[in-house]
Amino acid sequence: MNRCLASLFLLSAVSLPLSALPPQAATNANPVATAWVPVGPDGGDARSFAPDPSDSRHIYLGTTNSWIYESRDSGVSWHRLAKLSPKDDLILDNTVVDESDPKTIYTAAWVVDHPDGGLFISHDSGKTWTKNPGMDGQSIRALAQAASNPRMLVVGTLKGVFRSEDSGQHWDQISPANSAELHEVESIAIDPKDPKTIYAGTWHLPWKTTDGGANWRNIKQGLIDDSDVFSIIIDPTAPQTVYTSACSGIYKSDNGGELYHKIQGIPSTARRTRVLMQDPVDRSMVYAGTTEGLYRTSSAGTNWTRLTGPDVIINDVYVDPKNPKHVLLATDRSGVLLSNDQATTFSASNQGFSQRQVVALAKDVKDPNRLYAGVVNDKMYGGVFTSADGGRSWQQQSQGLDGRDVFSLAESPDGALLAGTGHGIFVWQDGRWQAAGHVVQMVEKTTSVRRKGKLVKTTKTITKPAGEIDGRVNEFDLTHSTWYAATTAGVYQSADQGKTWTGGPVMGQADFRNVHTMGSIVLATRRTGIAISQDGGKTWQDEPLPGQLTTIRTSTIAPGGSMWLGGREGVYYSTDNGANWKFMSSLPISDINGIEYEGDLKRIVITSWSSTWVMGVNEADRSWKWWDAGWHVRGVRSNGGHLLAASLYNGVVVQPQGSTPKQGVGVGGAQ
């Protein structure tokens, strides 16, 4: 992938360690009826729109994690329609609703980190889907239906251009096989009157055929060389008029691509224009969705005006054909934006749409209905969200974070709320987050004073400023008077409620993921090691990984004093302060991503990337019961008799009222 195109998607790359990404487990291609319910926070990454040609109020929405959403009220609210794969990695950038049969829907998919994807087809308005065998495994970046022949579909893949003339049943490659030039096709456009005329935009330059693919020509006159072509649109009333967006800017041709001229008026910093959309009524009006906001021309490209702020990254634009004042934007981070005044103003329209990547979940110590969620990858639209009603609704509470990702949240017994970000510690104070990671160094200072004619030396310990904690803060322990923080720069502790911190690498090791205390005992873990202190962090002992455990992802200390470790191979526990470890062989899950003690349940809660089960283990006899969340989750909390959990791609999910756990068939099982 060339640098321009790569940067377009990596703007929304997840800032989590690769080891935190889940391996895939099988689920149905449609929502599970018994699954826990996603409740927000609303928003996240939205990728593409597809309107129903028979009802402009009916719109489909593609995402970055295999889900398709649906709106029946012109984008005011959304609901999950179907998940097209058991995996969470399908990018749904192109969906077409059949002009001749609106119940038939085609959705093209690709995968970001390797060549994979496919074409999915529904014949019942998206309720059920099948994967098309002719396109199985193809990384499909573009999809178009011929306006003059609805049975004709054309897709662009990493391998080239493919066409079906029987509504997707059979496919033929119409670009030269193994071509050194015509491959990695990012955009497709079909002439509205002549289906044999097809435009294909690649990661290099655009191409055109006028004989249905028998011959192709590179149409690059007027374009800057090596320009990724993101979008091609054809004026349906004047097919010789073609707009093309590339890495180097926006171009227009008045003779079917034979000659392009670059359109001026959009700053070079916004040249990555992902989508072009022509107004269905006023053909001189064209919208350009860029990585730095929405632009519009009302003069067929002569002059352009930016209509949003530069922080809005736009993936798709929808203009209502019956009411062109109604405009929707699919964006990174801020979800769907809606305008009813022809893009003069926009407001968030994400009711029911939750694609947040929640990695931290905390409960207020005094008010169990107040919850806090920390998200990553959403910059100014993310940070911390709070709910005052047990998770039913959420509000952003990120003032002062300046777009930082939030990896950990914790509240002290006296109500101090801390956020661990990708760059330091913050405390919620006076209506905003304020930096609270001031590191001090303890030094001895000797002074000499003369007393009764004698020179007397005195030594006292003073603190000296030593900078700020600037690494990622993975976990807090605020349960006692001395607070602890596990960070990528080491383990820190504070004796003055977070005003100052001391610490750093432990025995030369940094990058700690977890820290937990029980009295004067401190357990701190990193990916490949265990550090245990018996004296509140003054001295440490380094311990090797137990048994077959290759890496540690999570750890905790339960109230009875037992220590717990989780990783790919499963769960280990120790009842003698880490001197000996036992493998909990009775648990039916491995690939552990979360272990924490939940006080309301009085159980150790264990979650896994390879299972949707949530395990609740009794510390005393290690018996267990389980719930099936229907999602891969971590960060489970109990609230009012039901459970909530953080999911990596779908926000916070809540256990339905009345759902009861199932008792485990095995207990103990240590070896």
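Since every read-out is calculated from the coordinates, none of them should be taken as a lab result. This structure is a prediction, so every number in the text was calculated from the model and none was measured. Positions of Cβ are generated from backbone atoms using ideal geometry, with glycine treated the same way; all protein chains shown enter the neighbour counts.
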Practice item. Just rank Asp45, Asp194, fewest to most, by other beta-carbon atoms within 10 angstrom. Key: Asp194, Asp45
Check your understanding: Residues of segment 539-571 with amide nitrogen under 16 Å from the 7 Å Cα-to-Cβ point of Asn580?
Key -> 546-547, 562-563
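Which chymotrypsin sites (Phe, Trp or Tyr not before Pro) from segment 293-382 combine a DSSP loop assignment with at most 15 other Cβ atoms within 10 Å? Show your work: numbers first, answer last.
On the way: sites: Tyr295, Trp304, Tyr318, Phe346, Phe353, Tyr372, Tyr381; in loops: Trp304, Phe346, Phe353.
Hits after loop and neighbour filter: nothing returned.
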**Study point:** Gain in span if fully extended, Asp226 to Thr502, counting 0.36 nm per residue against the direct Cα distance
**Key:** 94.2 nm
Practice item. Under a cut-off of 19 Å between alpha-carbon atoms, report the aspartates and glutamates in cross-link reach of Lys625, not counting same-chain residues fewer than 8 places apart. Key: Asp591, Glu596, Glu598, Asp600
Point to revise | Extended-chain gain in nm, criterion 0.36 nm per residue less alpha-carbon gap, Val37 and Lys452 | key: 141.6 nm
Check your understanding: Arranged from highest to lowest average of other beta-carbon atoms within 10 Å per residue, in what order do the peptides 554-560, 483-489, 449-455 appear?
Key -> 483-489, 554-560, 449-455
Revision key, fill the gap. Computed from the beta carbon distance with a Förster radius of 35 Å, FRET efficiency for Ala147 and Asp113 to the nearest 0.05 stands at 0.50
Review point. Nearest 20 debye, what's the magnitude of the dipole of segment 545-671 about its Cα centre given +1 on Lys and Arg Cβ and -1 on Asp and Glu Cβ?
Key: 100 debye
Check your understanding: In debye to the nearest 20, how big a dipole does the chain give about its Cα centre with +1 on each Lys and Arg Cβ and -1 on each Asp and Glu Cβ?
Key -> 2200 debye
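If we count other beta carbons within 10 Å of each Cβ, what is the order of Met285, Met380, Met507, fewest first?
Met507, Met380, Met285
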Check your understanding: For segment 119-172 and segment 551-583, what is the separation of their Cα centres, given in Å?
Key -> 50 Å
Check your understanding: Which entries of Lys103/Lys322; Lys193/Lys262; Lys87/Lys131; Lys220/Lys262 show an alpha-carbon separation above 23 angstrom in the structure shown?
Key -> Lys193/Lys262
**Study point:** Thr502, Thr302 arranged by Cβ crowding within 10 Å, fewest neighbours leading
**Key:** Thr302, Thr502
Check your understanding: Any idea how far apart Glu468 and Asp364 come out in nm if each label point goes 7 Å out from Cα toward Cβ?
Key -> 2.8 nm
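Would you calculate, for the chain, the mean residue ellipticity at 222 nm contributed by helices, counting each DSSP H stretch of 4 or more residues as -39,500 (n - 2.57) and dividing by all residues, to the nearest 500?
Theoretical 222 nm ellipticity from helices: -500 deg cm²/dmol.
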**Study point:** Rounded if a/c under 1.5, otherwise prolate or oblate - segment 545-671, Cα gyration tensor axes
**Key:** prolate
Review point. Under the classification rounded if a/c is under 1.5, otherwise prolate if a/b is larger than b/c and oblate if not, where does the chain fall, given a ≥ b ≥ c as square roots of the Cα gyration tensor eigenvalues?
Key: prolate
Review point. At a Förster distance of 51 Å, what's the computed FRET efficiency of Gln173 paired with Gln548, Cβ-Cβ distance as r, to 0.05?
Key: 0.60
